[in-house]
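Worksheet: the structure to be examined is printed underneath.
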Amino acid sequence: MASEALSTQDSAAIEKARAARQKTMEQLAQVIVGQTHVIEELLISLLSRGHCLLEGVPGLAKTLMISTLSRTLNLTFSRIQFTPDLMPADITGTDVIEENRSTGTRDFRFLEGPLFSNVILADEINRTPPKTQAALLEAMQERQVTVGRVRHKLSDPFFVLATQNPIEQEGTYPLPEAQQDRFMFKVFVQYPSFEEEFEVARRTTSTMNDSIEPVLTGAEILDLQRIVREVPVSDHVIRYALSLVRQTRVREPGVPEFVEEQVGWGAGPRAVQFLILGAKARALLQGRTHVTCKDVQQLAKPVLRHRLVLSFTAESEGVTADSLIDQIVSATPAREDELTNDPRFQRMFAS
């Protein structure tokens, strides 16, 4: 019934999502060379009402990509440069005393901070102390900020994109695991290929004129976010996503031996929720009304890589979170009959 309702009532919106993905890629291609998988994951996160943490060395156009994306989506944009002296009130806003000149009375008035925009770029988030990092937690989860005793609702849609530099360690404050868990994806921004870097050099050393056109409005994005949650997903795909996540939890039934040796702490229930929501959004962006195990597989790394705490053994042997996730995916049957009949997963499902 859900599938029929979705296909009859929202078929136009599904086609709009597929077309919007294509148009967004075309618009961004005027400014950004390559990085297709990064843009794809940003769009999936946006339609899933999630947030993204982007990690990459300086100079890979992370900031330019995010600001250009906000232009294609016709959304308000704020860039916050995180520094060691940044205070929570600098991003949330603060109460000020304002005098009414006609009556002579004084009242408090709330001055909104840069968080009151649709797209927030938290640039170099690991360069600010935990006190200021924590000011983002309420905003990201509840989409509100509390100043004094008053709660202030944030704009909707609300999308936080944080960047961090993996090679600069001096003067940084790594994000705690609890705060990393608030991000739907952790996206790696890699060096461009030779041909891509050749094109970057050609474009950026000559006169450039881009004409970015809005593709989606805020209201249309909210409508697509609603439709994402209505995309049907089979019990098997949910069971498959659960199997991937539960295999990261040491000392649980059915966990592979290599996970017991290489993982200190695994992913929580939020990882399952984001895997399924992301798979739904990915299917929608490709014009499909159903979710497959391949959708889940494609998003396993960005969803899980920042939720795994590797053991000392794994780190000493050079094992990365991504290589471990590849092993888990390889060890998990995608066919329903193979998954449900496997004794290891039967113990997991019975726990």
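Are any residues in the stretch 309-344 under 17 Å from His236 (Cβ atoms) and under 29 Å from the mean Cα position of the chain (by Cα), and if so, which ones? If the condition is that a residue be under 17 Å from His236 (Cβ atoms) and under 29 Å from the mean Cα position of the chain (by Cα), then Val329, Thr332, Pro333, Ala334, Arg335, Glu336, Leu339 are the ones that fit. Of all the criteria given as (1) small (Gly, Ala, Ser); (2) in contact with a His (Cβ under 8 Å, 6 or more places away or on another chain); (3) within 29 Å of Tyr191 (Cα to Cα), the one not satisfied by Gly93 is (3).
Out of Ala178, Ala162, Ala134, report the one residue that is in the same structural domain as Glu55 (by TED's automatic domain parsing), of a type outside the set (Val, Ile, Thr), within 21 Å of the chain's Cα centre (by Cα) and buried (at least 20 other Cβ atoms within 10 Å of the Cβ). Break it down stepwise before answering.
Details: Ala178 fails: buried (at least 20 other Cβ atoms within 10 Å of the Cβ); Ala134 fails: buried (at least 20 other Cβ atoms within 10 Å of the Cβ).
Being in the same structural domain as Glu55 (by TED's automatic domain parsing), of a type outside the set (Val, Ile, Thr), within 21 Å of the chain's Cα centre (by Cα) and buried (at least 20 other Cβ atoms within 10 Å of the Cβ) holds for just one of Ala178, Ala162, Ala134, which is Ala162.
For the stretch 318-329, the tally of residues that are surrounded by 15 or more Cβ atoms within 10 Å (Cβ to Cβ) and not in a helix (DSSP H, G or I) stands at 1.
In the stretch 25-53, which residues are without any contact (Cβ under 8 Å) to a residue 40 or more places away in the chain and outside any helix (DSSP H, G or I)? Across the stretch 25-53, the qualifying residues are Ala29, Ile32. The residues listed here are Gly148, Gly113; of these, the one that is more than 21 Å from Lys186 (Cβ to Cβ), surrounded by 21 or more Cβ atoms within 10 Å (Cβ to Cβ) and not hydroxyl-bearing (Ser, Thr, Tyr) is Gly113. Looking across Ala314, Ala300, one residue alone is assigned to a helix (DSSP H, G or I), of a type in the set (A, V, I, L, M, F, W, C) and over 18 Å from Ile276 (Cβ atoms). It is Ala314. For the stretch 325-332, the condition holds for no residue, the condition being that it is modelled with pLDDT under 90 and of a type in the set (Gly, Ala, Ser). Which of the residues that make up the stretch 54-76 are part of a loop (DSSP other than H, G, I, E, B) and of a type in the set (S, T, N, Q)? Residues satisfying the conditions are Asn74, Thr76.
Do we find a residue being part of a loop (DSSP other than H, G, I, E, B), in contact with a Lys or Arg (Cβ under 8 Å, 6 or more places away or on another chain) and in contact (Cβ under 8 Å) with a residue 24 or more places away in the chain anywhere in the stretch 185-197? Show your work before the answer.
The initial filter retains those residues of the stretch 185-197 that are part of a loop (DSSP other than H, G, I, E, B), namely 189-193.
When the remaining residues are screened for being in contact with a Lys or Arg (Cβ under 8 Å, 6 or more places away or on another chain), the result is 189.
When the remaining residues are screened for being in contact (Cβ under 8 Å) with a residue 24 or more places away in the chain, the result is 189.
Yes: the stretch 185-197 contains one or more residues that are part of a loop (DSSP other than H, G, I, E, B), in contact with a Lys or Arg (Cβ under 8 Å, 6 or more places away or on another chain) and in contact (Cβ under 8 Å) with a residue 24 or more places away in the chain.
Of everything in the stretch 144-159 that is part of a loop (DSSP other than H, G, I, E, B) and under 21 Å from Leu86 (Cα atoms), the residue that is farthest from the chain's Cα centre (by Cα) is Gly148. Restricting the search to the stretch 330-351, which residues are polar (S, T, N, Q), surrounded by 11 or more Cβ atoms within 10 Å (Cβ to Cβ) and under 19 Å from Val259 (Cα atoms)? Answer for the stretch 330-351, where residues must be polar (S, T, N, Q), surrounded by 11 or more Cβ atoms within 10 Å (Cβ to Cβ) and under 19 Å from Val259 (Cα atoms): Thr332, Gln346.
Okay, residues lined up against (1) outside any helix (DSSP H, G or I); (2) of a type outside the set (D, E, K, R):
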{"residue": "Met208", "(1), (2)": "yes, yes"}
{"residue": "Pro232", "(1), (2)": "yes, yes"}
{"residue": "His236", "(1), (2)": "no, yes"}
{"residue": "Arg239", "(1), (2)": "no, no"}
{"residue": "Arg270", "(1), (2)": "no, no"}
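The values are calculated or read from the model by the stated rules, or taken from the named source; none is laboratory data. Source: prediction; values computed, not measured. Counting neighbours? That spans all protein chains shown, and the Cβs are built from the backbone with ideal geometry, glycine included.
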